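Worksheet for the structure shown next.
The values are calculated or read from the model by the stated rules, or taken from the named source; none is laboratory data. Model, not experiment: these values are computed from the prediction. Cβ coordinates were reconstructed from backbone atoms using ideal geometry, including for glycine residues, and neighbour counts include every protein chain displayed. The protein model used for the area step is the full one, side chains on, heavy atoms only, and it has no ligands, DNA or RNA in it. Shrake-Rupley method; radii C 1.70, N 1.55, O 1.52, S 1.80 Å.
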Amino acid sequence: MLRSMFTAIGGLRNHQVMLDVTANNIANVNTVGYKAQRVNFEAMMSQTLRGASSPVTDGVGGSGPTQVGLGMQLGGIGSLLTQGSMQSTGQWSDIAVSGEGYFMVGDNLDPTTGQIISTTPPAAGDTNLMFTRAGNFTTDRDGNLVTQDGHYVLGLKMDNTATPPVLGTALGKIQIPTDAQSVGVDKNGNVTVVQGSGPVIIGQIQLAKFPNDAGLQRMSGNKFQESQNSGAPTVLAPGVSGAGLITPGAVEMSNVDLAQEFTNMITAQRGFQANSRVISAADEMLQELVNLKR
């Protein structure tokens, strides 16, 4: 009976985690670029009361093992990486990825060149480089394209002094000239500004693809970071080698399914309730045992 009580305690604890994850998903139902999470349970070890036996020639048949399960445990909390719905804003600095890939953002840039100080392409485990699907960008006072919390959006700078103009090879910030009359971003990530001399491409936003997106580590501010299970990122132009295309003037909303989350909330509540009933039943049985001496 004590075994059943401890088994039920594990059920209570892990259904509480399930409710915590569900609450976080519901809280982020309107968070741009948010990817929902789900809880995975798995059975814990089983106590073997009697081992299996094989059939005896001209005798009895075999029998399976006799085991008692010792509850369940948290197998993991995974991410649902499905595409979120697009919401049109009309703002040029709002961009969304339609397909695979993540925007790259960073804050440790060379003050002279505006490029990331770490190696290019990014080295494995680079903690100065983060990734996001939230494309609700803005600009700072110097015209740099940044996230809502000030991290620079990274891309390649166009060298317009060359003939014909060519893209650089080092990741750096995208800076809008102060004399730009208008700005636009196309599906391939090219950032075009209209100046007195006409339209000029000043750079191209780059995307990162991973061997295992599900292995990315979540950070604050709608960002992800590379982990040992995600693999190193491959830097690609939008639309190249499986990378998604850019949808300008729109943002990708959260992929949280409210109907599913409310169902999960009910499931977690009932699972918690059922495990609490097991503890109550085990307690009543123990009480009956104690009362035998009367």
Pairs, first over 21 Å from A36 (Cα atoms) and among the aliphatic types (A, V, I, L, M) in the range 71-98, second at pLDDT below 95 and in a strand (DSSP E or B), C-beta under 9 Å, six or more apart: M72/F41; M72/E42; M72/A43
Qualifying residue in the range 39-49 (condition: under 16 Å from L81 (Cα atoms) and surrounded by 13 or more Cβ atoms within 10 Å (Cβ to Cβ)): yes
Criterion (more than 24 Å from the chain's Cα centre (by Cα), among the aliphatic types (A, V, I, L, M) and at pLDDT 90 or above) met by exactly one of L156, L109, L81: L156
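Can you tell me which of A232, A282, A243, A274 is among the aliphatic types (A, V, I, L, M), out of contact with any Gly (no Cβ under 7 Å at 6 or more places or on another chain) and surrounded by 18 or more Cβ atoms within 10 Å (Cβ to Cβ)?
On the way: A232 fails: surrounded by 18 or more Cβ atoms within 10 Å (Cβ to Cβ); A243 fails: out of contact with any Gly (no Cβ under 7 Å at 6 or more places or on another chain); A274 fails: surrounded by 18 or more Cβ atoms within 10 Å (Cβ to Cβ).
Unique residue meeting the criteria: A282.
Identify, please: which residue in the range 174-183 is modelled with pLDDT of 90 or more and either of a type in the set (V, I, T) or within 26 Å of L129 (Cβ to Cβ) (or both) and is, among those, farthest from the chain's Cα centre (by Cα)?
Filtering the range 174-183 for residues that are modelled with pLDDT of 90 or more and either of a type in the set (V, I, T) or within 26 Å of L129 (Cβ to Cβ) (or both), the one farthest from the chain's Cα centre (by Cα) comes out as P177.
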Residue pairs meeting the criteria (Cβ under 7 Å; at least 6 apart or on separate chains; first under 14 Å from I95 (Cβ atoms), in the range 248-265; second of a type in the set (A, V, I, L, M, F, W, C) and outside any loop (DSSP other than H, G, I, E, B)): P248/I95; P248/V185; A250/M86; A250/A96; V251/A96; E252/M86; E252/A96; E252/V97
Any chance R294 is among the basic types (K, R), farther than 24 Å from T82 by Cβ and at pLDDT below 95: yes
Residues that are of a type in the set (A, V, I, L, M, F, W, C) and within 20 Å of N136 (Cβ to Cβ), drawn from the range 189-224: V191, I205, L207, A208, L216, M219, F224
Residue satisfying condition, being open to solvent by 70 Å² or more (accessible area, probe 1.4 Å) and closer than 30 Å to A170 by Cα, within set Q260, Q217, Q225: Q217
Considering residues of the range 148-164 that are assigned to a strand (DSSP E or B) and either open to solvent by less than 10 Å² (accessible area, probe 1.4 Å) or acidic (D, E) (or both) only, the residue farthest from D186 (Cα to Cα): D159
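Which one of L171, L167, L207, L145 is at pLDDT below 90 and open to solvent by less than 10 Å² (accessible area, probe 1.4 Å)?
L171
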G99, sole failed condition from (1) in contact with a strand residue (DSSP E or B) (Cβ under 7 Å, 6 or more places away or on another chain); (2) on the phi > 0 side of the Ramachandran plot; (3) crowded, with 18+ Cβ neighbours inside 10 Å: (3)
A23 vs. criteria at pLDDT 90 or above, surrounded by fewer than 15 Cβ atoms within 10 Å (Cβ to Cβ) and not in a loop (DSSP other than H, G, I, E, B): yes
Residue ID - nearest to T138 (Cα to Cα), chosen from residues in the range 174-183 that are outside any strand (DSSP E or B) and open to solvent by 60 Å² or more (accessible area, probe 1.4 Å): T178
Residue satisfying all of: in the range 77-89; open to solvent by less than 70 Å² (accessible area, probe 1.4 Å) and either among the acidic types (D, E) or part of a loop (DSSP other than H, G, I, E, B) (or both); nearest to V21 (Cα to Cα) among these: L80
